[in-house]
1. Take the residues of segment 121-146 that are surrounded by fewer than 10 Cβ atoms within 10 Å (Cβ to Cβ), within 27 Å of Ser62 (Cα to Cα) and of a type outside the set (D, E, K, R): which is modelled with the lowest pLDDT?
2. Can you pull out the residues in segment 24-45 that are surrounded by fewer than 19 Cβ atoms within 10 Å (Cβ to Cβ), touching a residue at least 60 places away in the same chain (Cβ under 8 Å) and small (Gly, Ala, Ser)?
3. Which of the residues that make up segment 1-22 are under 15 Å from Arg171 (Cα atoms) and assigned to a helix (DSSP H, G or I)?
4. Does segment 65-86 hold any residues that are at pLDDT 75 or above and either part of a strand (DSSP E or B) or acidic (Asp, Glu) (or both), and which are they?
5. Which of the numbered conditions does Ser62 fail, given that it passes all the others? Conditions: (1) part of a loop (DSSP other than H, G, I, E, B); (2) in contact (Cβ under 8 Å) with a residue 24 or more places away in the chain.
6. Any idea how many residues of segment 147-182 are surrounded by 11 or more Cβ atoms within 10 Å (Cβ to Cβ) and farther than 25 Å from Glu17 by Cβ?
7. Please specify each residue of segment 94-105 satisfying the condition of being part of a strand (DSSP E or B) and at pLDDT 75 or above.
Amino acid sequence: MATPNRTQAALISGVKEVVDDAAVLQVFEALQDPKLQARIASASLAAGLKLLADAGRANVPSALTEGHSGDRFRQAIGQRLGRFKGGGKSVFAAKAGLNVGRRAVDKDLSALIGKRRKVGAAAPHAALYALGTSERKQKRGRRTGHMTSNPWFARATAQVSGQAIEAIKNRFVIEVEKAVKKQAKANASS
């Protein structure tokens, strides 16, 4: 059996923590291919992340100012699964949130060069809106006030976190069954 690399090992151990079905885990262990196990784990986690991101998009608050909408916030919500560098360490993580893996499309630049070009975050102010700000003052001394926090994304994801875990488990079972069928078909033809 090949030994998994660090990314594959992190993926596999992360999914094993969520899935509590011993029979399915035993079949998963019997696959003995780290790449296949990592692909199954990745697909399973992606199903849960999609559910969290969709819940966040569905619960974007309506704009208080006339002429504005929550479209930029909806565009800014994304999910990402992979290795991230932080604090001098490389960490494998699954993220869903504001300005995660999403970028705005620059329509002017896209029209100029003839292909779709993405630049920056879709809603760079989203964190200020979600987390709030303290009293601020400009360099000239003018006070700009404060913004109270509105943790709508955290509330939305908290509501569906149980469903996301179930989605991960269900997708895991489906992916393991597909892998077993594929291996059986390959063994039968050889």
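The values are calculated or read from the model by the stated rules, or taken from the named source; none is laboratory data. Here the structure is a predicted model, which is why all the values come from computation and not from measurement. With ideal geometry, Cβ positions are generated from the backbone for all residues, glycine too; neighbour counts draw on all protein chains shown.
1. It comes out as Gly145.
2. Ala43
3. At the first step, the residues of segment 1-22 found to be under 15 Å from Arg171 (Cα atoms) are 11-12, 14-21.
Result: Leu11, Ile12, Gly14, Val15, Lys16, Glu17, Val18.
4. Selection gives Glu66, Asp71, Ile77, Gly78, Gln79, Arg80, Leu81, Gly82.
5. Unmet for Ser62, out of (1) part of a loop (DSSP other than H, G, I, E, B); (2) in contact (Cβ under 8 Å) with a residue 24 or more places away in the chain: (2).
6. Residues in segment 147-182 being surrounded by 11 or more Cβ atoms within 10 Å (Cβ to Cβ) and farther than 25 Å from Glu17 by Cβ: 6 in total.
7. Filtering segment 94-105 down to residues part of a strand (DSSP E or B) leaves 94-98, 104-105.
The answer is Ala94, Lys95, Ala96, Gly97, Leu98.
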